[in-house]
Amino acid sequence: MNREIHSIGLDIGSSHVRCVIGEAAENGRMNIVGYGEAESRGLRRGIVTSAEAVSESIRRAVADAEKISGLQGEAAMVNLSGEHFRGENKAGVVAVAGAGREITEDDVSRAVESASAMQLPAGWEIFSRLPQEFIIDGQDGITEPVGMTGARLESLVHIVIGPSAGRQNLDKAIRRAGLSVERMVLEPLAAAESALTDDDKEYGCALVNIGSEITSIMIFGRGAVQHTAVFPFGSLHFTKDIAHGLRVSMQEADKIKHDFGCVAAFLMNDEERQQVIEIIPVGRSESRRLSKEILCDIMQPRAVELLQHIAQEIANTQSSIPSGVVLTGGGSLARGMVEIAEQVFDAPTRLGFLDERYFGGLAGEVQTPAWAVASGLAISSIRSQVRELNSHGRSRSKKVAAWIENFREKFK
Ligand SMILES: Nc1ncnc2c1ncn2[C@@H]1O[C@H](COP(=O)(O)OP(=O)(O)OP(=O)(O)O)[C@@H](O)[C@H]1O
Ligand SMILES: [Mg+2]
């Protein structure tokens, strides 16, 4: 174990920026040694609209985390978000040459490149190449082909593409805040790092990260990412519905949502349904009274509608998800979300908390699905650093190492 290994996970969201500072601990664990949160400014649907405002939010979140940890941040693992991401499954094939036809790093690299050959819309780029499996001379299901023998190497790769400008502007905002970017990781992939087990990924499950303005999903199976999708909606829709329906300000609506909101009427008994909430409509000085049932009548149909879009997307992929659905992101915290999601998905559904086997230190302070992304980013960085240290001397190229990242390799 090396206490010198630290990481910064920086989740830059439309409503909050969250920072987690981690330190490598025994047996593949990470101790959380610092955390900080700031309200987010200058982002819309995960995309930077004002670099200066975003930088300021980053500075505040990082400063709080630094204060708690007593450490100074340099490079951060950052989430990549935005409504335009698209995931596609591609296949590539290369011939293996050389003595004994032993597959090298270079062959793997060429096989993944070959799968990545695609026409991109102008201004778009490939963000992630996530290998699913390799096939050697027709033998499928291979995860570590290097060193094996064969003549024909095929690769199946999940490729995520999106517009370059979003990434570049995010990069600028982070640099303005005085940090460099270690790597950018797609938001649901980061959440999966902290909330899913290897078994979940192996047997099949869907991770659904419900943010403020963006909901993203990733479907896992056979230990790899099988599908990615992003939707331009999130928990802010509930706030807008409440503001509109009750004629209150957005701030008041947000407070009502947090304090009294529920998206599953069947969780409330008769007494609770009739409980009265006092609200102050915009432009009025006197309060109005309404029952909790009316608030739920506003929120529940919206929750069902949003979840149905996601359920449809999962159904379209015909994926098998015996490990069910895992919800992360602040939006998953609305009361009744898990229960209503379980009905809509018709699959076991749970909230994605930090896995206690991997997180220690101050993990109890951030043990909510809203921190899954920041914590997942921090532990991803620790895992990469430890792997790099362990493989020191072995000649794995950085490029291949990055692709193999998140792909079956276990934290040793
Ligand atoms: N207890 C709660 N009940 C209802 N809603 C909640 C609760 N806690 C957080 N939220 C909502 O979750 C949303 C914030 O979630 P999160 O922090 O994951 O979003 P974000 O990462 O900032 O945004 P995005 O990922 O969409 O860019 C807000 O809309 C907030 O109101
Ligand atoms: Mg988010």
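The values are calculated or read from the model by the stated rules, or taken from the named source; none is laboratory data. Just so you know, these numbers come straight off a predicted model, no measurement behind them. Methodologically, a virtual Cβ is constructed for each residue, glycine included, from the backbone with ideal geometry; neighbour enumeration extends over all protein chains shown.
Table for the structure above
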{"quantity": "Failed criterion for L307 (all others in (1) crowded, with 20+ Cβ neighbours inside 10 Å; (2) free of Cβ contacts under 8 Å to residues at least 60 places away in the same chain; (3) over 30 Å from K201 (Cα atoms); (4) not β-branched (V, I, T) hold)", "calculated": "(3)"}
{"quantity": "Contacts under 6 angstrom Cβ, first residue in region 201-230 being within 13 Å of ligand 2 (Cβ to nearest atom), partner of a type in the set (D, E), 6 or more apart", "calculated": "N209/E187; S216/E187; V230/E83"}
{"quantity": "Identity of the residue in region 255-289, surrounded by fewer than 10 Cβ atoms within 10 Å (Cβ to Cβ) and among the polar types (S, T, N, Q), that ends up nearest to G331 (Cα to Cα)", "calculated": "N269"}
{"quantity": "Per-region count, region 1-39, residues within 16 Å of ligand 1 (Cβ to nearest atom) and in contact (Cβ under 8 Å) with a residue 60 or more places away in the chain", "calculated": "12"}
{"quantity": "Test for H6: is it touching a Pro at 6+ places or on another chain (Cβ under 8 Å) and away from ligand 2 (no atom under 14 Å from the Cβ)", "calculated": "no"}
{"quantity": "Strands (runs of 3 or more DSSP E) completely within region 194-300 that count 2 or more residues being closer than 30 Å to Q367 by Cβ and at pLDDT 95 or above", "calculated": "205-210, 215-221, 224-231"}
{"quantity": "Search result, residues across region 21-58 that are under 20 Å from R175 (Cβ atoms) and touching a strand residue (DSSP E or B) at 6+ places or on another chain (Cβ under 6 Å)", "calculated": "I21, G36, A38, S40, V54, S57, I58"}
{"quantity": "Boolean, A151 is touching a residue at least 24 places away in the same chain (Cβ under 8 Å), within 16 Å of ligand 2 (Cβ to nearest atom) and in contact with a strand residue (DSSP E or B) (Cβ under 7 Å, 6 or more places away or on another chain)", "calculated": "no"}
{"quantity": "Among (1) at pLDDT below 95; (2) more than 23 Å from D355 (Cβ to Cβ) - the single one N27 does not satisfy", "calculated": "(2)"}
